[in-house]
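Everything on this sheet refers to the single structure shown next.
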Amino acid sequence: MARWGMVIDLEKCTGCQACTTACSMENSRLPGENWQDVLFYNEGEYPSGKLTWLPRPCMHCENASCVDVCPTKATYKDKDGFVLINWDLCIGCKYCMIACPYGVRFYAEEKQKTLPDVREVWPSKDGKVWDPPWAMPSHLNDPKHGVGIQPKNVVSKCTFCYHRVSKAPQGTPDLDPNDPKTRDFTPACVVTCAPTARYFGDLDNPKSYVRKLIAEKRGVRLQDHTGNRPQVYYLAGEAASIPETRSTRTKKV
Amino acid sequence: MDQLSQSPSKAVSRQEIAGSSLLWNNAACLPLSAQGCRQCADACPADALHFRTGIPSVTPQCTECARCAAACPTDALTRKHFPAPAAPVLRAGDSAYIDCSKVPRTRSPEGAIRVPCLGAISTGWLLTLQDQIGDTPVILLNRGWCASCPSGDASTCSANAVVADAGRMLADAGLPAQLQARIELHPLPLAQMPEAIPAAVEETMISRRGFFSRGFSEAAGLASGALSVNGSTGHAPLPPLVALGRVIPAEQIRRMTALLNIRSRHPGTPATLPLPAVSIDSDQCENHGICSAVCPTGALAKYDDNGTAGIRFNALLCVSCRQCERDCPQQAVRFTTLRGTTPQDIDRELTRHPVKVCVKCEDEFSGDPGETCPVCRKTQALFVRRDVTNEPSGNAVA
């Protein structure tokens, strides 16, 4: 029993989108359907305007509103803190997409935004959305946990790289990509982050580094007023690129 | 939805439920969620039918009465060898009898249809029988055993509600009260009641007349296509049934086929059908389409034409599961039961929204009052200034 969580240091994040690309390659995402995305945002007016950004994975909330509204119990909270979708049960009603305050759930619509439509270039023969040439090994496909290429007409979302993290030995406090023992179990976006702005660990383990970071650097959660209690924390220090008003933050002492 | 047929867990099968003579079709079973349909379990007089992990199971308390099957709106549960609603050939002035199969065969009237329990008759079954035998009353024989029978109701005949329901519908269809199905009390001594309902076997009629009459009526039933609404009903006021890969509302179709046939024999009756109705408050509706996605039969469906989009409703397909009402995030859906619906009103549009193009992502959307689509609006909301600036957060790792 763990409660996996992520810490993203916005002071370190450069907005390079390497995490987005790593996630797309790891999970065979359709173009534009980025489970992990970086949102760019213009703040202020000319001449003092500036570009800010925010990496946004699924928050894997403790009290996830998407789980509450699912009419078929396809979306569920795993015992290790993951919020996952059982694609065998999902009917594609998209209620969870309306309920999620972070907009991190995706549904492959009939109309593709980018051309060419990759679903026609690499069509699937077994009812999947598409069949990309760089798909993850087929033995890792796990529709019960929403891992792999999704079937048609289901909602998909970030799994915190369930296929990697769930193999970590029990009681591991942190999944550090620099530690050869845990690197294989670390989510793809964390492994690939060039400025090492991402940390991944067990929020319930008193020995974990993520707990220490959140406590010492005053980690904040997005949209905390919704009561969803995300398990992704942002470190928004002095020089962070987080917009001043984007989340609740504790006052400077 | 394609997925219903693709997903292996939803493959069509009609499997036996261990320890009973029930057959279960998981593809026709309504959504297997906690708030899903539980009409079969609610109908069980012995509390023997349970749904664990979405699969029905029966406890040894099951009396094999098949009242659960009668409650199923989609024929997902059926009992093996349950008699078809086929009319016996009757002499003029005779009535058709339905008897409990606990009654010794010699005490049943000749040609009586023997069912495991009078409560195992559904309204659609009774109406179909009434339709087939024409203007002759169907008489359900109450043997006065129900109160002592583990399958029965404590005080009344277990078929009471169904007969009352059917009576209301038949009266609307113009059938006079003296020709409608009714329950008659023909008590038998309680000592003759066997402990259990006889096992589900093909009921064989003893009398020659009964044997031939059943053969004839079964052939007639096959020819008329008991489940096809647009079949040989003689008149076609109903819209075509489109139930693509969805659950088929078998009970509803049985009822309406029978009622339309009976009505056609009684001209001059008001042309309304007792169908469920759904209304959507256009002001609250944001055209998410969740109602249509969760609807197991496709009674609610999205449509899109000429720059407008919305929801349409086919009352004939509705099985009154009320999933739409429960799941609407705007609480805009209202369900009303058994309203007099004219045939023109059976399939109609409930809402109509203009289709707009999002100013940010240029995606089409409808139902939302703003200029940006709901997805872009949500992304923007992550940046919106809020007045609350000093909430406890951060080191709240507990």
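The values are calculated or read from the model by the stated rules, or taken from the named source; none is laboratory data. Remember, predicted model here, so these are calculated numbers, not experimental data. Cβ: placed from backbone, ideal geometry, glycine included. Neighbour counts: every protein chain shown. Areas reflect the complete protein model, heavy atoms only, side chains present, ligands, DNA and RNA absent. Shrake-Rupley method; radii C 1.70, N 1.55, O 1.52, S 1.80 Å.
Quick notes on this structure:
- Qualifying positions in segment B:129-144 - open to solvent by 10 Å² or more (accessible area, probe 1.4 Å) and either of a type outside the set (A, V, I, L, M) or in a loop (DSSP other than H, G, I, E, B) (or both): B:D131, B:Q132, B:G134, B:D135, B:T136, B:P137, B:N142, B:R143, B:G144
- The number of residues in segment A:94-121 that are in contact with a strand residue (DSSP E or B) (Cβ under 9 Å, 6 or more places away or on another chain), more than 9 Å from chain B (Cβ to nearest Cβ) and open to solvent by 40 Å² or more (accessible area, probe 1.4 Å) comes to 0.
- Which listed residue is in contact (Cβ under 8 Å) with a residue 12 or more places away in the chain, within 14 Å of chain B (Cβ to nearest Cβ), assigned to a loop (DSSP other than H, G, I, E, B) and open to solvent by less than 20 Å² (accessible area, probe 1.4 Å), from A:I149, A:I91: A:I149
- So A:D184, is it in a helix (DSSP H, G or I), surrounded by fewer than 20 Cβ atoms within 10 Å (Cβ to Cβ) and free of Cβ contacts under 8 Å to residues at least 40 places away in the same chain: yes
- Considering segment B:119-128, the residues that are part of a helix (DSSP H, G or I) and without any contact (Cβ under 8 Å) to a residue 60 or more places away in the chain include one that is nearest to B:R168 (Cα to Cα), namely B:L126.
- Residue check, A:K157 farther than 24 Å from A:A22 by Cα and either at the interface with another protein chain (Cβ under 9 Å from one of its Cβ atoms) or in contact (Cβ under 8 Å) with a residue 60 or more places away in the chain (or both): no
- Tally of residues being away from every other protein chain (no Cβ under 12 Å), open to solvent by 80 Å² or more (accessible area, probe 1.4 Å) and either under 27 Å from B:V278 (Cβ atoms) or in a strand (DSSP E or B) (or both) across segment B:358-386: 1
- Count of segment B:266-318 residues, restricted to those that are among the aliphatic types (A, V, I, L, M) and more than 28 Å from B:D75 (Cα to Cα), is 2.
- Residue match in segment B:287-309 (condition: in contact with a Ser or Thr (Cβ under 6 Å, 6 or more places away or on another chain), assigned to a loop (DSSP other than H, G, I, E, B) and either surrounded by 24 or more Cβ atoms within 10 Å (Cβ to Cβ) or within 14 Å of chain A (Cβ to nearest Cβ) (or both)): yes
- Test: residue in segment B:321-336 that is facing chain A (nearest Cβ under 8 Å), open to solvent by 20 Å² or more (accessible area, probe 1.4 Å), at pLDDT below 90 and not in a loop (DSSP other than H, G, I, E, B): yes
- Residue within segment B:339-352 that is within 29 Å of A:T72 (Cα to Cα), more than 12 Å from chain A (Cβ to nearest Cβ), under 18 Å from the mean Cα position of the chain (by Cα) and at pLDDT 90 or above present: no
- Considering segment A:45-80, and only residues there that are within 12 Å of another protein chain (Cβ to nearest Cβ) and part of a loop (DSSP other than H, G, I, E, B), the residue that is nearest to A:M1 (Cα to Cα) turns out to be A:E62.
- All positions within segment A:187-230 that are facing another protein chain (nearest Cβ under 10 Å), of a type in the set (G, A, S) and touching a residue at least 12 places away in the same chain (Cβ under 8 Å): A:S208, A:G219
- Applying the condition of being within 22 Å of B:P198 (Cβ to Cβ) and without any contact (Cβ under 8 Å) to a residue 60 or more places away in the chain to segment B:44-60 and asking which residue is surrounded by the fewest Cβ atoms within 10 Å (Cβ to Cβ) yields B:P60.
- Restricted to segment A:167-181, and to residues there that are open to solvent by 50 Å² or more (accessible area, probe 1.4 Å) and more than 18 Å from A:A22 (Cα to Cα), the residue that is nearest to the chain's Cα centre (by Cα) is A:K167.
- Test: residue in segment A:6-25 that is within 14 Å of chain B (Cβ to nearest Cβ), hydrophobic (A, V, I, L, M, F, W, C), open to solvent by 10 Å² or more (accessible area, probe 1.4 Å) and closer than 21 Å to A:P187 by Cα: no
- The set of residues from segment A:122-141 being within 14 Å of chain B (Cβ to nearest Cβ) and within 27 Å of A:V232 (Cβ to Cβ) comprises A:V129, A:N141.
- Selection of first residues in segment A:104-118 that are without any contact (Cβ under 8 Å) to a residue 60 or more places away in the chain and of second residues that are not in a loop (DSSP other than H, G, I, E, B), restricted to Cβ pairs under 6 Å at least 6 apart or on distinct chains, gives the following pairs, ordered by first then second residue: A:R105/A:C96; A:R105/A:M97; A:R105/A:V155; A:R105/A:K157; A:Y107/A:V155.
- Identity of the residue in segment A:187-218, more than 20 Å from A:A236 (Cα to Cα) and in contact with a helix residue (DSSP H, G or I) (Cβ under 6 Å, 6 or more places away or on another chain), that ends up least open to solvent (accessible area, probe 1.4 Å): A:A188
- Looking across segment A:30-68, the residues that are among the hydrophobic types (A, V, I, L, M, F, W, C) and open to solvent by less than 30 Å² (accessible area, probe 1.4 Å) come down to A:L30, A:W35, A:V38, A:L39, A:L54, A:C58, A:M59, A:C61, A:A64, A:C66.
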